[in-house]
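Engineer: Pasting a structure here, questions to come.
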């Protein structure tokens, strides 16, 4: 029986592949049979992710995504080497909790660049002839903070909410070219980065955070499973959608 989650024969590029959600996405896709292109600034940490993957043929591509003006050419060059992309998953991003009174104007540009400017340039690069396969899937990683509010998350929510809005318009524009565009809004799924944030919270704060997730705290694998659903044939008729994976956080 055909498994629509089988990614055998698919080539999928993943940004932010050196750790956190990105490394788990790479692992999950490789276990489903995909050939993964791992993207990040540091090739040494990408090598660590590569060691965990199943299968062969995976490729490391060191690149600074903040160099947005180079993304189109870089994607063309990448596809020349690896073949057209069946999927692109933009996991690269940063965490931020900062009270409004401490926010500087420069912080806004710096923080929005990786989500919005880079995201738009990745979409523009993917749509080039020869870069994407006949049908391809573009997935952005957002957050429940793009759907609900929280003190100190103004800038972070702005970036994640913009990704969600951007996805709907890109989905309509790129559908004629066979590119599906969706976004995964995740709840709290601890990674090494977020565990460092946990150390700065009191037991009471952590308990409150857990209570806000009716199904309990998630894991990076929960997010990666949703990504795999969208990049696989399971997602062939889904575009312009926000898949919320949050243990019930936004149901309240």
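The values are calculated or read from the model by the stated rules, or taken from the named source; none is laboratory data. Everything numeric in this text was worked out from a predicted model, so none of it was measured. Note that we place each Cβ from the backbone using ideal geometry, even for glycine, and neighbour counts take in every protein chain shown.
Engineer: Check whether at least one residue in region 154-176 is part of a loop (DSSP other than H, G, I, E, B), surrounded by 12 or more Cβ atoms within 10 Å (Cβ to Cβ) and at pLDDT 90 or above, and report yes or no.
Structural biologist: no
Engineer: Identify all residues within region 179-216 that are at pLDDT 80 or above, more than 19 Å from residue 160 (Cβ to Cβ) and either part of a loop (DSSP other than H, G, I, E, B) or in contact with a helix residue (DSSP H, G or I) (Cβ under 6 Å, 6 or more places away or on another chain) (or both); write none if there are none.
Structural biologist: 214, 215, 216
Engineer: Would it be correct to say that residue 75 is closer than 22 Å to residue 166 by Cβ and not in a loop (DSSP other than H, G, I, E, B)?
Structural biologist: yes
Engineer: Still on this structure: Take region 1-43 and flag every residue that is part of a helix (DSSP H, G or I) and either at pLDDT 95 or above or in contact with a strand residue (DSSP E or B) (Cβ under 7 Å, 6 or more places away or on another chain) (or both).
Structural biologist: Of everything in region 1-43, those that are part of a helix (DSSP H, G or I) and either at pLDDT 95 or above or in contact with a strand residue (DSSP E or B) (Cβ under 7 Å, 6 or more places away or on another chain) (or both) turn out to be 21, 22, 23, 24, 25, 26, 27, 28, 29, 30, 31, 43.
Engineer: Could I ask something else about it? Somewhere in region 232-241, is a residue over 14 Å from the mean Cα position of the chain (by Cα) and at positive phi?
Structural biologist: yes
Engineer: Moving on to the next point. So which of 88, 50 is closer than 15 Å to residue 13 by Cα, in contact (Cβ under 8 Å) with a residue 60 or more places away in the chain and in contact with a strand residue (DSSP E or B) (Cβ under 7 Å, 6 or more places away or on another chain)?
Structural biologist: Sole residue among the options that is closer than 15 Å to residue 13 by Cα, in contact (Cβ under 8 Å) with a residue 60 or more places away in the chain and in contact with a strand residue (DSSP E or B) (Cβ under 7 Å, 6 or more places away or on another chain): 88.
Engineer: OK, next. Could you check, for region 94-108, whether at least one of its residues is surrounded by fewer than 19 Cβ atoms within 10 Å (Cβ to Cβ), in a helix (DSSP H, G or I), modelled with pLDDT of 85 or more and in contact with a helix residue (DSSP H, G or I) (Cβ under 8 Å, 6 or more places away or on another chain)?
Structural biologist: No: region 94-108 contains no residue that is surrounded by fewer than 19 Cβ atoms within 10 Å (Cβ to Cβ), in a helix (DSSP H, G or I), modelled with pLDDT of 85 or more and in contact with a helix residue (DSSP H, G or I) (Cβ under 8 Å, 6 or more places away or on another chain).
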